[in-house]
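Right, one structure below, let's go through it.
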Amino acid sequence: MTRAVNSLLLHPYALQTEQRSEPLGIGERHPRLSWKLHSDRRGAAQSAYRITVAERAADLDDPTRLVWDGGRQESGVSLLVPWDGPTLKSALRYHWRVEVWDETGTTGGTAQSWFETGLLHQDDWSAVWVGRDPVSLPHFDPPQDDDPESSALQSPPLQLRRAFDVRSQPVRARLYATARGVYEPHLNGSRIGAAELSPGWTEYHRRLQYQTYDVTDLVTEGCNVLAAIVADGWWCGYIGFDPRRAAQHYGDGPAFLAQLVIDFADGSRQVVATDAAWTEQPGAIRAADLLMGQIVDARRHTPGWDAPTPGLTGFRPVAVLHTEHGPLVAEPDNPIRVTRDLPATAVHQQGPGRYIVDFGQNMVGRVQLTVRNAEPGQRIVLRHAEVLNDGELYLDNLRRARAADVYTTGGGDKEVFEPQFTFHGFRYVEVDHYPGELTAIDVTARVLHSDTPWTGHFECSDPTVNQLQSNIAWGQRGNFLAVPTDCPQRDERLGWLADAQIFAPTASRNADVSAFFARWMRDVVDGQDPDGAFRDVAPIVTLDREAAPAWGDAGVIIPWHLWRTYGDLRALDHSFEAMAAWVEHIRRHNPDLRWRNRTGNSYGDWLQVGVNTPRDLLATAYFARSTQIVAEAAEVLGRLDASAEYRTLHAAIRSAFIESYVHDDGTVEGGTQAGYLLALAFGLLPQRLVEAAIGHLSADIEKRNTTLTTGFVGTALLCPVLADHGRADLAYALLHQHEYPSWGHSIRHGATTIWERWDGWTSHSGFQSAAMNSFNHYSLGSVGDWLFGRVAGIDQTPGSVAYGELLLRPLPGGRLTWARAEQETARGRVACGWSLADGVITVTATVPPGATAVVEIPTVDSSSVQESSSPAASRPGVLGVQPTPAGATLRLASGHYTISAIAPELTSLAPQ
Ligand code: RAM
């Protein structure tokens, strides 16, 4: 963040174009512009802004050279401001500046940024798809034997090159490229960019993303070589739990499409595109597969293959595979990148040349291994595992994913192996047949994920709760990889819809996932059938039937969540028809409004513990929830007839729910925790029965020694519902619980990520069935939203969008003496924290410019509330103070505040 000198002025910062900072190669012709605001002055707000745009940064100061001058707009809007300038040209950089005025009309700061368009027209592309011909991918089951090199994997990636001459140093050069497969581009011996596993995974039948790279500094006068390696990836490698190669889903071999556009000072342009003049020869990588691993034989490396190297032999002409481009789109979100490196925390020698390395953290990515002074031809095998069993790797839960890399040495003083076309979920790696002695400095774990900007921080006085937050964050890192996956290690790694919708509120606390989810939602919508049914997974693999309750509902819940969190109205608008069609699909097949037909694989409260939440109850609750969201979305979008219609439908589903599943004593059919939670969270109980239902829910938890029975669906609702209905004590007791089943139980047994199931490992039965036992599955980490939202207290009022009206509700309780969180929201920085000491509660709050906050201060004496040591009501920025049964409510304008009051009375059920 750039802070200007006078922090009392209003300053724009963190400028974004289409929810990204300085994006290269956008596909939007009318991009939306956003900025965040900062000021240390209370009550600061934007009253007006002006956007100016030019092709060169220097021209922003010259009114005659502007591409667009939006003029002064009297408006407080700073989010996703629509483009009202001239139509954008292809492949051009635009610089833009925003100038703001505060609520008094005083000029604030200015800030500037840029974006660059990609190839906006299909006929901008002259490149054709090239690859190897004929492609003969073996179509057989993954080998069952133990040898990672067995023949099923022997289809070496493409290694492509093209030499060309450039007559003078260019002023600008861009590479536009993509692959059917995953690729790594090179120019003149250097790797281009830092993106990994591009182009990522989309519903390839509908959309393939191309990437844009600035290669101005890599192109030289004279002879140049553009090159690339292309491996199978999601296009034609193994994906999901289907024992077929993806060849049967998409295509039968990798291919490459690229266009290098070189601009010279005199205005002329040279284009080098993939065509029949390219050549190909397999190199050191003998095979690479996302699930199986990568096999490299360094003896087969061709020095200088990607540079102008005289005397290179063996490269043969490529085949032109297709001349039509297919559905190319510009990449709309950040690519996958290596975001950090983890050093080994321990290296254990298990036998001659065999080591197990511990990285101290379950993570997703790959290992970089250094080998020194090896003879050529030494075959080193790396196997990856999340956990150990009796000191050895536990591999059974990987199912058919082999997750093994093989490196055959080429010889020399120092060789560095790092597989770039695979990824593994692991904390431990076994290095076998390592020549010499392996030490920690020779092995590093490289963390890979879709590079969503990290925006949230939560911390409290309890180390176990902090570990829980860390486990949640690591689960998010590892599983936000191209698509939101369920797990990163076994032969699955699919974009499961329920997992994503359950975790989205937590994910958007930790990171800015706006562009990531907006992109993935297109795959969800593309997966919808003509009857309106979404699928369980997106992109679709294998599970091609109507989605289950709580799974398909992601198609409704996520666009709504993106609107609420980021103010993305366009995404909501684009999704609306699909959202309504899903509700109509359920209604059509369930005229009595109990969702019992067309429930797909009806997973219920998946992985609940020892109970059976009635599936039709869960389904009908979700039918009601989705219908309610569609009604609210319709209202936001100004579709008032539709809104009224869905409100009526919602009321009717609610009545059907009450009639079928709610009894007069406040019990809910099935009597499970999840049943009560769904009814309470989704407002499906008559008001008169709410208290009784909370009583039944609490009694069930208490009779189980304060443990939960909930699965994926119920767990997300557990702590929020209890805390919102007067049982914060119980919510905290569950948070602090360390007996099975609980979050604390997994942490006590060494978890550094969220487990798929509460009983992934227990002292009474050891490992759960290896058939389904991931140790890195974010769904049960959905409590993260509550850590930020209630434990620290950052939330927004029900009618608020993008944190425009904050609801700060610190909730002291359990064993905690303090907690705090901060989030870089779309509007600016929000923070809330509390601490208890000497009978006083102190709450700190940061409200960004233009926003307001309702702050609930828990205290036994509402008259004791002070702000910065003076009576709160008299302080600048404090718009009102209201006593409440639980303390006092303050209304605040923007700014930083320190509020204190006599501490509330607390009862704690927390196990010590
Ligand atoms: C499992 C997945 C996923 C879940 C489905 C129902 O195989 O891991 O998390 O959504 O089943």
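The values are calculated or read from the model by the stated rules, or taken from the named source; none is laboratory data. Computed from a predicted structure; not experimentally measured. Please note: Cβ atoms are built from the backbone with ideal geometry, for glycine as well, and neighbour counts cover all protein chains shown.
Scanning region 637-659 for residues that are over 18 Å from E584 (Cα atoms) and in contact with a helix residue (DSSP H, G or I) (Cβ under 7 Å, 6 or more places away or on another chain) gives a single hit, L637.
If you filter region 397-430 down to residues that are hydroxyl-bearing (S, T, Y) and part of a strand (DSSP E or B), you find that the one that is farthest from V182 (Cα to Cα) is Y428. Counting only helices (runs of 4 or more DSSP H) wholly contained in region 451-561, the ones carrying 1 or more residues that are free of Cβ contacts under 8 Å to residues at least 60 places away in the same chain and within 12 Å of the ligand (Cβ to nearest atom) occupy 497-510. Against the condition within 30 Å of S835 (Cβ to Cβ) and under 10 Å from the mean Cα position of the chain (by Cα), how does R477 come out, does it pass? Yes: the conditions hold for R477. Of the residues G638, G666, G670, which is in contact with a Gly (Cβ under 9 Å, 6 or more places away or on another chain) and either in a strand (DSSP E or B) or among the small types (G, A, S) (or both)? Checking each option against the conditions leaves just G666.
Yes or no, residue by residue, for (1) at positive phi; (2) not β-branched (V, I, T):
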| residue | (1), (2) |
| --- | --- |
| G360 | yes, yes |
| V364 | no, no |
| R379 | no, yes |
| G410 | no, yes |
| R427 | no, yes |
| E430 | no, yes |
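Of the residues that make up region 79-98, is at least one under 26 Å from R875 (Cβ atoms) and surrounded by fewer than 18 Cβ atoms within 10 Å (Cβ to Cβ)? No, every residue in region 79-98 fails to be under 26 Å from R875 (Cβ atoms) and surrounded by fewer than 18 Cβ atoms within 10 Å (Cβ to Cβ).
Residues considered: L722, L708, L735. Of these, the only one that is free of Cβ contacts under 8 Å to residues at least 40 places away in the same chain and either within 26 Å of the chain's Cα centre (by Cα) or away from the ligand (no atom under 16 Å from the Cβ) (or both) is L722.
When S655, S626 are screened for being among the hydroxyl-bearing types (S, T, Y), at pLDDT 95 or above and in contact with a Gly (Cβ under 9 Å, 6 or more places away or on another chain), only S626 passes. Hey, any hits in region 849-858 for a residue that's in a strand (DSSP E or B), at pLDDT 95 or above, surrounded by fewer than 22 Cβ atoms within 10 Å (Cβ to Cβ) and among the hydrophobic types (A, V, I, L, M, F, W, C)? Looking through region 849-858, at least one residue is in a strand (DSSP E or B), at pLDDT 95 or above, surrounded by fewer than 22 Cβ atoms within 10 Å (Cβ to Cβ) and among the hydrophobic types (A, V, I, L, M, F, W, C). I'd like to check something: does region 180-190 contain any residue that is of a type in the set (F, W, Y), crowded, with 18+ Cβ neighbours inside 10 Å and either on the phi > 0 side of the Ramachandran plot or within 21 Å of the chain's Cα centre (by Cα) (or both)? No; the residues of region 180-190 include none that is of a type in the set (F, W, Y), crowded, with 18+ Cβ neighbours inside 10 Å and either on the phi > 0 side of the Ramachandran plot or within 21 Å of the chain's Cα centre (by Cα) (or both). Selection of region 747-780 for residues being away from the ligand (no atom under 16 Å from the Cβ) and among the hydroxyl-bearing types (S, T, Y) yields T752, T762, S763, S765. Within region 566-615, the set of residues being charged (D, E, K, R) and part of a helix (DSSP H, G or I) comprises R570, D573, E577, E584, R587, R588, R615. For the condition more than 18 Å from S575 (Cβ to Cβ) and either at pLDDT below 95 or touching a Phe, Trp or Tyr at 6+ places or on another chain (Cβ under 9 Å) (or both), what is the one hit in T613, T620? Result of the check over T613, T620: T620.
Within region 864-882, is even one residue in contact with a Pro (Cβ under 6 Å, 6 or more places away or on another chain) and surrounded by 14 or more Cβ atoms within 10 Å (Cβ to Cβ)?
No, that holds for no residue.
Need pairs with beta-carbon distance below 6 Å; first residue farther than 18 Å from L88 by Cβ and within region 104-118, second among the acidic types (D, E) and part of a strand (DSSP E or B); sequence gap 6+ or separate chains. That search, which allows pairs on different chains as well, returns G108/D102; T110/E99.
Matching residues to (1) aliphatic (A, V, I, L, M); (2) under 30 Å from W761 (Cβ atoms):
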site	(1), (2)
A644	yes, no
F682	no, no
G695	no, no
E702	no, yes
N705	no, yes
L708	yes, yes
H736	no, yes
S742	no, yes
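Here A277 does not fit the description of being outside any loop (DSSP other than H, G, I, E, B), touching a strand residue (DSSP E or B) at 6+ places or on another chain (Cβ under 9 Å) and in contact (Cβ under 8 Å) with a residue 40 or more places away in the chain. Among the residues of region 299-347, which ones are in a loop (DSSP other than H, G, I, E, B) and among the hydroxyl-bearing types (S, T, Y)? The answer is T302, T309, T313, T323, T345. Taken together, the criteria exclude D432 from residues that are under 24 Å from S746 (Cα atoms), touching a residue at least 12 places away in the same chain (Cβ under 8 Å) and surrounded by fewer than 23 Cβ atoms within 10 Å (Cβ to Cβ). Quick check: is even one residue across region 862-870 within 28 Å of S78 (Cα to Cα), in a strand (DSSP E or B) and in contact (Cβ under 8 Å) with a residue 12 or more places away in the chain? Within region 862-870 (the criterion being within 28 Å of S78 (Cα to Cα), in a strand (DSSP E or B) and in contact (Cβ under 8 Å) with a residue 12 or more places away in the chain), the answer is no, since none of the residues qualifies. Being more than 24 Å from G181 (Cα to Cα), buried (at least 17 other Cβ atoms within 10 Å of the Cβ) and over 27 Å from the mean Cα position of the chain (by Cα): is that true of L321 here? When the stated conditions are applied, L321 does not pass them.
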